[in-house]
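So the structure is just underneath, and the comments pick up after that.
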Amino acid sequence: MNWTIDNLILNLKYTWKIARGATDYKHNLLITVAANGRVGKGEVAPNTRYNEDVANTHLQFISFLDLVKRENIVTIEQLHYYIDKVNMNQSLKFGIEAAWVHLQLQSNPISEVFMIDPPTSLPTVFSIPILPSDQLATFISEHNIHRFKFLKIKIDATYGQELISTLATLTNAPLIIDANESFTEVNQLMKFQEAIQYPHVILIEQPLPAHQIVDYQMLKDISIYPIYGDESVIAQPNFDLLATQFHGINMKLMKAGGYSEGIRILKEAKRYGLKTMIGCMIESSLGIKSAFDIASLAEIHDLDGFLVVKDEPFGLLKELNGILYP
């Protein structure tokens, strides 16, 4: 097997801003594995929230390559054995596993391997980045977001109320509010919730920092809206703890570290009575198609990251009237 890693620079259609920062491009990586005339590819989207970066990911891949360069990996258990021998980040684990799985499958669907119902289409949430409230109307018009059944708006604790109030004058679509850990206190968040004047808020995603476990346990009982964990949901999560903090979870394959763990997380969440959402980073359709293929396990699908990409390079998904198709 011949493994390689390459840069995947994704220029964006507009500035992507969340509470942690803003960017006009995303520097992802492309894992390729070739054997016997076949090729498999997987995407890596390093996440600075978990101290992942491109340089360290390259070094981790070299360590993995040193272990497997003479190996013909024939089972996923064998692949996981080598992955676990390297101290690598979760997004790289996913990219490596995805490339190997795609090599093995070729034209066979992921759903057959993992024995889940294959989706033929699904509606996706559309996410609005943080931007000045007086630019919302233009943004909505330019990107024709009325075609999406569900919306998400990125906010921070300072300007969130203003953005949502303005959005309410422009649409009444069901809304997810994503604060990306920007609130610091339960009382601060409750005042924000009480001030919301929007007709249909579905949920609030990760409003407080993940380490504020006791605050989340308090919040779960008093929150006006369902609270979903995102940054709190990583590989091998403690569901005994998560179930005391959240009403639901957002699983992302780049944080789970692979198909196998991502599927396990979604199934385990349901066993604990948690609602489920499947999400993504800013990725190409290569990475997001992987999430699409297992999306029947989730109730909410937040898979619009490739729609932010200018000149998306793979074309593995298409969107029509807010619905995704392979």
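The values are calculated or read from the model by the stated rules, or taken from the named source; none is laboratory data. Keep in mind it's a predicted model, so treat the numbers as computed, not measured. Here the Cβ positions follow ideal geometry from the backbone for every residue, glycine too, while neighbour counts run over all protein chains shown.
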- Message: Which residue is nearest to the chain's Cα centre (by Cα), if the candidates are limited to region 19-51 and must be surrounded by fewer than 17 Cβ atoms within 10 Å (Cβ to Cβ) and aliphatic (A, V, I, L, M)?
- Response: Ala22
- Note on the structure: Residues in region 16-58 that are in contact with a Leu (Cβ under 8 Å, 6 or more places away or on another chain) and of a type in the set (S, T, N, Q) total 3
- Output yes when any residue across region 267-275 is at pLDDT 95 or above, over 22 Å from Glu52 (Cβ atoms) and among the hydroxyl-bearing types (Ser, Thr, Tyr), and no when none is. yes
- Filtered residues of region 30-59 (kept if touching a Lys or Arg at 6+ places or on another chain (Cβ under 9 Å) and either more than 24 Å from Val309 (Cα to Cα) or among the aromatic types (Phe, Trp, Tyr) (or both)): Val33, Tyr50
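Here is a yes/no grid of residues against (1) surrounded by 22 or more Cβ atoms within 10 Å (Cβ to Cβ); (2) touching a strand residue (DSSP E or B) at 6+ places or on another chain (Cβ under 9 Å):
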site	(1), (2)
Ala243	no, no
Phe246	yes, yes
Leu253	yes, yes
Ile265	yes, yes
Lys270	no, yes
Ser285	yes, yes
Leu297	no, yes
Leu324	yes, yes
- Message: Quick test of your reading of the structure: Leu10 fulfils all but one of (1) in contact with a helix residue (DSSP H, G or I) (Cβ under 6 Å, 6 or more places away or on another chain); (2) surrounded by 20 or more Cβ atoms within 10 Å (Cβ to Cβ); (3) closer than 22 Å to Ile130 by Cβ. Name the failing condition by number.
- Response: (1)
- Note on the structure: Within region 272-283, restricting to residues that are closer than 15 Å to Glu205 by Cβ and not small (Gly, Ala, Ser), the one that is surrounded by the fewest Cβ atoms within 10 Å (Cβ to Cβ) is Lys275
- Item | Residue among Leu65, Leu92, Leu79, Leu105 that is assigned by TED's automatic domain parsing to the domain that holds Ala34, within 17 Å of Lys289 (Cα to Cα) and over 23 Å from the mean Cα position of the chain (by Cα) | Leu105
